[in-house]
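For reference, the structure is listed below as structure tokens.
Bear in mind these aren't lab numbers, they're just calculated from the coordinates by the rules spelled out. Just so it is clear, the model here is predicted, and its values are computed rather than measured. Cβ atoms come from the backbone with ideal geometry, glycine included; neighbour counts cover every protein chain shown.
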Amino acid sequence: MSDLLPMFPLQIVVFPNEDLNLHIFEPRYQELVRDCEEEELTFGIPAYIEGKLMAIGTEIRLNRIVKKYPGGESDIRTKGMGIFAIKEYFEKVPGKLYSGASIERLELDMEEAPYLNEQILEKTRELFQLLDIEKDLPEAASDLSVFDIAHHIGLSLDQEYELLSIGNAQERQEFIIDHLTRLIPVVKHMDEIREKARMNGHFRRINPPK
């Protein structure tokens, strides 16, 4: 399905079902928010990475305007919906300050394999323990979505975009498992380096080789 969607490019990746709070201060996006509120429109957030507008973005629903400021600025609560591919980008929607794009909404497989989510939970708990991160994780693998943890496991912006672009749920899970499998040994090594640095100058008992 093709459609024309207002665009709000940002240097972030927004995942489906993600809650996103934004402070709106530019006049063009103040107008975008007004239009979304008055006309019940959705808008798109395509990632802007290293000076380049990416082809895939996330459709966003305006849930609530929390606060309006005298100068036109506002604080808003939004939620990620599905993903889309940009077909044609317009620097300005006719008669508007903000940009827009002709988009195609993409199918997104959300049927994650529980046995892979078990692995992801186990590795994520290990990572959080190594980094002293106190963040609640689901007890059951069936309650986990990779999109729920993707911002919290050390993915770069490029990697987050790559994850968003993967349509198959199992391939996304394998992407996360591969990332965690490579990251955890690096974190462990950094812990060893920190421990050695703390021991510098201490009296240590070291058994010589026999």
Checklist entry - Hey, quick one: spin label on SER165, modelled 7 Å out along Cα-Cβ, who in the stretch 66-98 has an amide N within reach, i.e. under 13 Å? => result 85-86
Checklist outcome for this item: Checked against a 31 Å limit on the C-alpha separation, the offending pairs among LYS96/LYS135; LYS68/LYS96; LYS68/LYS92 are LYS96/LYS135
Next on the checklist: Please list, by residue number, every one of the trypsin sites (Lys or Arg not before Pro) in the stretch 47-141 that is coil in DSSP and has at most 12 other beta-carbon atoms within 10 Å.
Outcome noted: LYS92, LYS135
Checklist outcome for this item: Note on the stretch 66-194: alpha-carbon gyration tensor, axes a ≥ b ≥ c; rule is a/c under 1.5 for rounded, else prolate if a/b larger than b/c, else oblate; result prolate
Item to check | Summed side-chain charge close to HIS23 - residues other than HIS23 whose Cβ falls under 10 Å, Lys, Arg +1, Asp, Glu -1 | outcome: -1
Checklist entry - Once phi is turned into ³J(HN,Hα) by the Karplus curve 6.51 cos²θ - 1.76 cosθ + 1.60 with θ = phi - 60°, what whole-Hz value does each residue of the stretch 152-162 show in order, with x for glycine and proline? => result 10, 10, x, 6, 6, 4, 4, 5, 4, 5, 4
Next on the checklist: Quick check on the exposure proxy: order THR42, THR124 from fewest to most C-beta atoms within 10 angstrom.
Outcome noted: THR42, THR124
Checklist entry - Taking +1 at the Cβ of each Lys and Arg and -1 at the Cβ of each Asp and Glu, which of LEU137, THR181, ILE149 sits farthest along the dipole of the stretch 114-199 towards its positive end, judged by Cα position relative to the Cα centre? => result THR181
Checklist entry - Placing +1 at every Lys and Arg Cβ and -1 at every Asp and Glu Cβ, with all other atoms neutral, what dipole size does the chain have around its Cα centre, in debye to the nearest 20? => result 1160 debye
Item to check | Qualifying GluC sites (Glu not before Pro) in the stretch 1-66, DSSP loop, other Cβ atoms within 10 Å at most 13 | outcome: GLU40, GLU50
Checklist entry - By how many degrees, 0 to 90 and rounded to 10, does the Cα axis of helix 114-130 deviate from the longest principal axis of the chain? => result 70 degrees
Item to check | Tensor-based shape of the stretch 2-106 (alpha-carbon gyration tensor, a/c under 1.5 rounded, otherwise prolate or oblate) | outcome: prolate
